[in-house]
Amino acid sequence: MTVMIDVKGLDKEFGGVHAIEGLEFSVEQGQIYSVIGPNGAGKTTLFNLITGFYTPTRGEITLNGESVVGMDPNRLAERGMCRTFQQMQICMNMTALENVMLGRHLKIRSNLFTSMFRLPSLLREEKACRERSKELMAFVGCGEYINTEASAMSYGALKRLEIARALAADPKILLLDEPAAGLNGTETAELEELIRKVAEQGVTVMLVEHDMKLVMGISDRLLVINYGRKLAEGTPEEIRNNPDVIAAYLGG
Amino acid sequence: MFDRFLEWRMNYVLVLAIIVFVIPLLMENPFYFDLATQILIIAATVVGLNLLVGYAGQISLGHAGFYGMGAYFSAVATSAYNWPPLLALIVAAAVVGLVAWVVGRPILKLKGHYLSMATLAVGFIIAIIINNESQLTGGPDGMVVPPFSLFGWELSTFGLYSLLGLEIPGHVAWYLVAGVLLLVAVIIAQNLIDSPLGRALRSIHGSEIAARTVGVDTARYKSMVFVISAVYASIMGSVFAHFTGFITPAIAGFDYSIVLITMVVLGGMASPMGVILGAVVLKLLPQFLAGFQEYETAIFGFILMATMIFMPKGFYPTAMNAIRNKLGKSSGGKA
Ligand SMILES: Nc1ncnc2c1ncn2[C@@H]1O[C@H](COP(=O)(O)OP(=O)(O)OP(=O)(O)O)[C@@H](O)[C@H]1O
Ligand SMILES: [Mg+2]
């Protein structure tokens, strides 16, 4: 198995707050790798570091062997990384379908000239983009919202829409920050099924999630962090039986 | 059939074309044609500015600078150096585009008030240069601009032309040319908006974080739309210079930048028809404020403020939404 993401000695400080401290782990290609920990443990900060929204205070992050520290999110997207957000990031000035089509931004070859004059090559490309985006909306289970304005959609539908947008980029690695937050039981079960299907297609998935049933059922490996530090790492079985974890987190 | 029309993305362009070409049948006075032509030119300028402000969610409080730069480049090149007007217009647009790219790259990293201040400064600097280079530009006194001509054929408001067997006086001919230019400006802007490029621009407005996540190089796209809107301003500035035949540095000044941005905000951000309406209203307003000329900028500032507070989407989108809601309710159909 090849290592996709490798993190070494990662530190992130905000003023006096040590949000991430000395973190080391690696994610292999094709894994579903989850990060768990109590509120404020530093999970979102970790995702922001990996996806280029924050620059580490110290440490190294590599993606497929290449150092990606200090690289902009859009450059990381070019390398096959995409994500969703705990605080959803949807373009409310667009329709649902346009949001997903935006996800295919890097696949599009048309330029200023073809756009200005709406040349046939652009129309062909847009048609293909629209078809693929519709498929993805159906795939994540929001096919009925194709012509709906994003601002008119329910919370649960928007969460799925954000995943569809990320998938539209044909990512090699997908990071999901609390995708099940705010979803009911049925919706969470559908989400689990969805993540499995994505992983089956060969996409590496990193997941931050508080829903223990979901995480334990779906993950290949887990990283438990507390106060920005690694508490434990291993398979769901190992994590479930780890005394530190039980004391600090699962038991509490 | 009517449904198809309602869904057609260019339906408003057809409506606009009809309005633009019916108006001359209702007017005779050359003064009205002069005013109407000015409105068309300024409307095409704000259609370009709207790409930056309404769609990409950025701001430029110095856009008149680019308008003035285009106007003065054309004026100087055609009068002092005898360039053909079309060549001068194209080179001016290229130069202005380049300037916008060079200054846009660093300043578009700024957000909110900082971006407003930086674009304001750009406008000021251009206006100061035009004022000071009086050897070329005539300074504050302004300068005379030769009429537009193409392959020896001259377009002057005082000329007389024949089109399809009709006798057309120069002021009407200019009106028609400006009308066609506005329609072309609108069609190109709409094409851009409906393209993947337009989607990327709108995503910067909707969620810059989302845009970056899916790979949009936001810095590059912001610069690109800044350049496009500056080129719109430059071209229309050149056209305006040839149309009026006499320009002063006021067209590059701060007051004029405020007029442009107020047209966008009042009429309706992200709505081409809206900003055109904004141009019409704000260009006609001074005609009714004859006794209040000193307060013009203050009144525009007040309109800008009031619109942002009470109608943040602008007049046109707000009105259209109200109409749509009303129709939706009365027919009981889905909106
Ligand atoms: N931009 C920032 N500036 C200052 N402090 C920050 C910033 N981002 C995160 N922090 C701090 O870092 C710590 C970790 O926050 P983070 O959001 O990563 O936690 P989390 O594990 O995602 O929590 P939750 O489960 O509630 O989402 C918190 O103390 C938080 O206040
Ligand atoms: Mg979080």
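Taken together, the values in this text are just the output of simple stated rules run on the coordinates, not laboratory data. Predicted, not measured: the structure shown is a model, and the values here were computed from it. Cβ sites come from the backbone with ideal geometry, for glycine too, and all protein chains shown count toward neighbours.
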**Item:** GNM result for chain B, Cα springs below 10 Å: residue of B:SER229, B:SER195, B:SER271 fluctuating most strongly
**Value:** B:SER195
**Request:** Sort all Cα-Cα distances of segment A:83-127 into consecutive 5 angstrom bins from zero, then give the percent of pairs in each bin up to the one containing the longest distance.
**Result:** 5, 18, 23, 22, 17, 8, 6, 2
**Ranked B:LYS109, B:LYS326, criterion: other C-beta atoms within 10 Å, fewest first** = B:LYS326, B:LYS109
**Asked** When ranked by the protection proxy of mean other Cβ atoms within 10 Å per residue, highest first, what sequence do the peptides B:309-322, A:80-93, B:156-169 form?
**Response** A:80-93, B:309-322, B:156-169
**Fill in**
In Å, the Kirkwood hydrodynamic radius from C-alpha pairs for segment A:1-109 sits at 15.4 Å
**Prompt:** Along the Cα-to-Cβ line of A:VAL69, 7 Å from the Cα, sits a label point; which residues in segment A:41-62 have backbone N less than 19 Å from it?
**Reply:** A:45-62
**Item:** Pairwise centroid distance, computed over Cα atoms, of segment A:186-208 with segment B:192-258, Å
**Value:** 41 Å
**Fill in**
In whole µm²/s, the translational diffusion coefficient that Stokes-Einstein assigns to segment A:104-168, given a Kirkwood hydrodynamic radius over C-alpha pairs, 10 °C and 1.306 mPa s, equals 123 µm²/s
**Prompt:** Against the longest principal axis of chain A, how steep is helix A:185-200, in degrees 0 to 90 to the nearest 10, with axes from Cα atoms?
**Reply:** 80 degrees
**Item:** Efficiency of FRET between B:ARG105 and A:THR186 - r from beta-carbon atoms, R0 56 angstrom, step 0.05
**Value:** 0.70
**Complete:** Most fluctuating of B:GLU294, B:GLU154, B:GLU208 in the GNM of chain B (C-alpha, under 10 Å) is B:GLU294
**Message:** Give me the mean projected area, in nm² to one decimal, of the convex hull enclosing the Cα positions of chain B.
**Reply:** 19.5 nm²
**Item:** Order of B:LEU16, B:LEU266 under a 10 Å beta carbon neighbour criterion, fewest first
**Value:** B:LEU16, B:LEU266
**Message:** If I take every Cα pair under 8 Å that is 6 or more residues apart in chain B, average their sequence separation and divide by the length, what percent do I get for the relative contact order?
**Reply:** 30 percent
**Request:** Would you compute the Debye intensity of segment B:223-291 from its alpha-carbon atoms alone, equal scatterers and no solvent, and pass along log10 I(q)/I(0) at q = 0.18, 0.23, 0.27 Å⁻¹ to two decimals?
**Result:** -0.85, -1.27, -1.34
**Request:** Apply the Debye scattering formula to the protein assembly as shown, with a single equal point scatterer on each alpha-carbon and no solvent, then give log10 I(q)/I(0) at q = 0.08 Å⁻¹.
**Result:** -0.65
**Request:** Arrange B:LEU86, B:LEU260 by Cβ neighbour counts within 10 Å, fewest through most, would you?
**Result:** B:LEU86, B:LEU260
**Prompt:** In cubic angstrom, how much convex hull volume per residue do the alpha carbon atoms of segment A:4-57 span?
**Reply:** 81 Å³
**Prompt:** Using r as the Cβ-Cβ distance of A:GLU13 and B:GLN287, and R0 as 41 Å, what FRET efficiency do you calculate, to the nearest 0.05?
**Reply:** 0.10
**Request:** Find the centroid of the Cα atoms in segment A:48-86 and in segment B:87-109, then give the distance between the two in whole Å.
**Result:** 33 Å
**Item:** Residues B:LEU327 and A:GLU237, FRET efficiency given R0 of 35 Å [Cβ-Cβ distance, rounded to 0.05]
**Value:** 0.05
**Shielding score for A:10-19, defined as the mean number of other chain Cβ atoms within 10 Å** = 0
**Request:** Extending each Cα 7 Å along its Cβ direction at B:ILE299 and B:MET27, get the distance between those two points in nm, one decimal.
**Result:** 1.9 nm
**Asked** Can you list residues whose amide H is under 5 Å from A:ILE20's amide H, if they're 5+ apart or on another chain and H is modeled 1.01 Å from N?
**Response** A:LYS12
**Item:** nm² value of the averaged projected area, convex hull over the Cα atoms of chain A
**Value:** 14.6 nm²
**Request:** Mind checking A:113-119 for the average number of partner chain beta-carbons within 10 Å of each residue's beta-carbon?
**Result:** 5
**Item:** Among B:MET273, B:MET305, B:MET236, residue whose mean-square fluctuation peaks in a GNM of chain B (springs only between Cα atoms under 10 Å)
**Value:** B:MET305
**Distance between modelled label sites at B:GLU133 and A:GLU60, nm, 7 Å Cα→Cβ extension** = 5.4 nm
**Request:** Report the semi-axes of the equivalent ellipsoid for segment B:196-335 in whole Å, largest first, where each axis is √(5λ) for an eigenvalue λ of the Cα gyration tensor.
**Result:** 30, 25, 14
